[in-house]
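The values are calculated or read from the model by the stated rules, or taken from the named source; none is laboratory data. Quantities reported herein were computed from a predicted structural model and do not represent experimental measurements. Quick reminder, even Gly has a Cβ in these numbers, built from the backbone with ideal geometry, and neighbours come from all protein chains shown. Ligands, DNA and RNA are excluded from the accessible area calculation, which covers all protein heavy atoms including side chains. Shrake-Rupley method; radii C 1.70, N 1.55, O 1.52, S 1.80 Å.
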Amino acid sequence: MQAGVSASNCVEHPAAGYKKIFETVEELNEPIPAKVLGAVPPWLGGSLLRMGPGLFEIGDEPLNHLFDGQALIHKFDLQGGAVTYHRRFIRSDAYVRAMTENRVVITEFGTAAYPDPCKNIFSRFFTYFRGIEVTDNCMVNVYPVGEDFYAVTETNFITKVDPDSLETLKKVDLCNYVSVNGVTAHPHTDRDGTIYNIGNCFGKNMSLAYNIVKIPPAQGDHGDPIEKCQVVVQLPSSERLKPSYVHSFGVTDNHFVFVEQPVKINLLKFLSAWSVRGATYMDCFQSSESMGTWFHVASKDPAGYMSSHKFRTSAFNIFHHINAYEDDGFIVVDLCTWKGHDFVYDYLYLANLKQDWEEVKKAALRAPQPEVRRYVLPLDLHKEEPGKNLVSLSYTTATAVLRSDGTVWLEPEVLFSGPRLAFEFPQINYSQCNGRKYSFTYGLGLNHFIPDRIVKLNVQTKETLVWQEDECYPSEPLFVATPGATEEDDGVLLSIVVKPGAERPGFLLILDAVTLTELARAEVDAVIPVTLHGVYRPPTLPRPDRGGGPGLKPSG
C-alpha cells in the first residue's frame, strides 16, 4: 500500500488485471462472510450499498457499453467488527425479459435491441415502428427516499429495493407523478430530508426545458413521498431541439446551479431514426463545437429562474459536481471536467476498456483530458462595467468578466490536473458541507480511464493524498463521519476494491479519511465487478412492513 504519494504519479498496468472488473459474475444466494484484516472502528456499523453492471452479455450477444451491463446491487454489512458480503441482480424488466428470451430485448445505452428473430417479417416490421422501450436497467446508483431505497439509472424508471434482502420490490414510473422524461442518478438531499433532482422535459410543440423536481420529506402519515413530488422551477434549453446531456447539478443553501454542456441529444434523431433502425442512446448524442458551456442559476426559495444571469465559458464535458456554495455575493462551483466538446462516453465502450494496457493508453490519448475546476459566479451584476473582473474573493484566481452583450464570461481556477489522470466520482462530508464552504473532497483516480487509486484533495491548498496498491482497482470512496465529529475530515472512507489473482480477490477497504491510511479490509472469495455509485446506510431499527408491488415480497 502507498499513501501520500503524488496523485499524478503514473502507474503502469501491463498485467491488465482491470479486465476482471468488466466481466460477468453470478449473484449470491445468501451473504458470505469476509475475513477482516486490521480493525473495523467499533462505531462503524450498518451497510454499504453499491450499484453497478454485473452481466455483460446476454446469450451470445455482448453488451457494448460500460452502462449497458445489467444492474447488480452489492451490500457489505458491518456489525460488531464482523463483515458479510451479498449481491443480487435487480429484477428489472430489461433483465427478466432478457433472461427469459436469452437476448437483448430492451435497448440499452450503447446496445440495440432487435425484434425476435423467430417472429415473421410483418411482426418485426411493426415492432420497429412502435418505437423502442425505455430501459429500466437501474445500474447507476441507489439512494433513500423517505424510509425506502431506490436503484436508479437516468430514465424515468426507478426501482424500489429491499436494503436488507436486496430483493426487487417494484418499478416506479416518475412520469406518473411529474413532468420529466428522465432524471439524474444524483439527487440532492436537504438537511430536512427534502430531495431535489433535475431532468429533461420534452413539452408541447417540441419545447425543451430542464425541470428541477422536489420530493418532500417523509411525513407521519406513512404516505409515499414520491407521490407528492412536483416541479419547482424550469430552466430553458439553449437549443430548441437539442437538449444537453444532464448527469448532475449543484445546490447551495439558496440556489440551484445547472451546467448546460455542449454534449447534446438530437431529439429528431431520437424520435425518428431510433424507432426505424437499431439505434441506441449513444447514437443520438452529438457534440456542439460552437455552443461552449452555459451556467444556469435559479433561486431556491422561492424557486425562480434567474434569467438575467447569463454565464458562459469554453466547452467542457461535465458529469459530476463536487460541491457549490455561496460566499460574499458569489456562488463557488467546483466540478470534475473534461476539456472540449468531444463526448467522454465515446471512450467507455467495453471493447476499449478491456484492451491490453498499451492500447488503453493510446485510446486515452485521443480522449478529452480531465481537470478539476473552480468557477465563481457573481450574483450582483447591476452596477458593473463590461470588461471588468467581477470576482473579488481573495482565495481564488477564477474570473468572471461582464461582456457588452450582457453575458458573463467565466474562466476557472484549476484545482487538480494530471496527464491522463482524472479525479472523478467525487465525495464530500455531505451532511456537514453540501452547499457550504468546505475543504476536502475524496475521489476515484482514473488512470487512462482505469480506476487505480483513491485521492483526497484539499480544495483550498490543492494538496493531495493518495491510497494505492499494486494491481488493485478501487471504486468511489464514500465518506462516513465519526459520530460526534467536529472536524470536516474526521471519519472513514469506504471503497470496494478488486485485486484479481488474490486468494480473496474482492474486499471492502476502510481508510482513515484524515491520512488515507488503512484501518481494515474485509476480504471475500469473490471477484466484484465495477461499481459506480452507492450509499452508506447507518444501523437502523427494524423497518415497518410497508409492502411492495404485486406478487413481490414486502420489505422487512
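Of all residues in the stretch 463-498, those satisfying the criterion of being more than 16 Å from Leu444 (Cα to Cα) and part of a loop (DSSP other than H, G, I, E, B) are Thr482, Pro483, Gly484, Ala485, Thr486, Glu487, Glu488, Asp489, Asp490.
Residue under question is Thr280, and the condition is that it be assigned to a loop (DSSP other than H, G, I, E, B), within 24 Å of the chain's Cα centre (by Cα), among the hydroxyl-bearing types (Ser, Thr, Tyr) and buried (at least 19 other Cβ atoms within 10 Å of the Cβ); does it hold? For Thr280, the condition - assigned to a loop (DSSP other than H, G, I, E, B), within 24 Å of the chain's Cα centre (by Cα), among the hydroxyl-bearing types (Ser, Thr, Tyr) and buried (at least 19 other Cβ atoms within 10 Å of the Cβ) - is met. Reported count of residues in the stretch 308-317, each being touching a residue at least 60 places away in the same chain (Cβ under 8 Å) and open to solvent by 10 Å² or more (accessible area, probe 1.4 Å), is 4.
Within the stretch 336-353, is there a residue that is open to solvent by less than 60 Å² (accessible area, probe 1.4 Å), without any contact (Cβ under 8 Å) to a residue 60 or more places away in the chain, in contact with a Ser or Thr (Cβ under 9 Å, 6 or more places away or on another chain) and on the phi > 0 side of the Ramachandran plot? Yes, the stretch 336-353 contains at least one residue that is open to solvent by less than 60 Å² (accessible area, probe 1.4 Å), without any contact (Cβ under 8 Å) to a residue 60 or more places away in the chain, in contact with a Ser or Thr (Cβ under 9 Å, 6 or more places away or on another chain) and on the phi > 0 side of the Ramachandran plot. Residues in the stretch 172-227 that are under 19 Å from Val140 (Cβ atoms), modelled with pLDDT under 95 and polar (S, T, N, Q): 2 in all. Only residues that are open to solvent by 30 Å² or more (accessible area, probe 1.4 Å), at pLDDT 95 or above and assigned to a loop (DSSP other than H, G, I, E, B) were counted in the stretch 499-535, giving 10.
Which residues, taken from the stretch 425-447, are on the phi < 0 side of the Ramachandran plot and in a strand (DSSP E or B)? It would help to see each step written out before you state the result.
Initially, the stretch 425-447 is screened for residues on the phi < 0 side of the Ramachandran plot, giving 426-434, 436-447.
Within the stretch 425-447, Pro426, Gln427, Phe440, Thr441, Tyr442, Gly443, Leu444, Gly445, Leu446, Asn447 meet the criteria.
Which members of the stretch 341-357 meet the condition of being in a loop (DSSP other than H, G, I, E, B) and out of contact with any helix residue (DSSP H, G or I) (no Cβ under 8 Å at 6 or more places or on another chain)? His341, Asp342, Phe343, Leu348, Asp356, listed by residue number.
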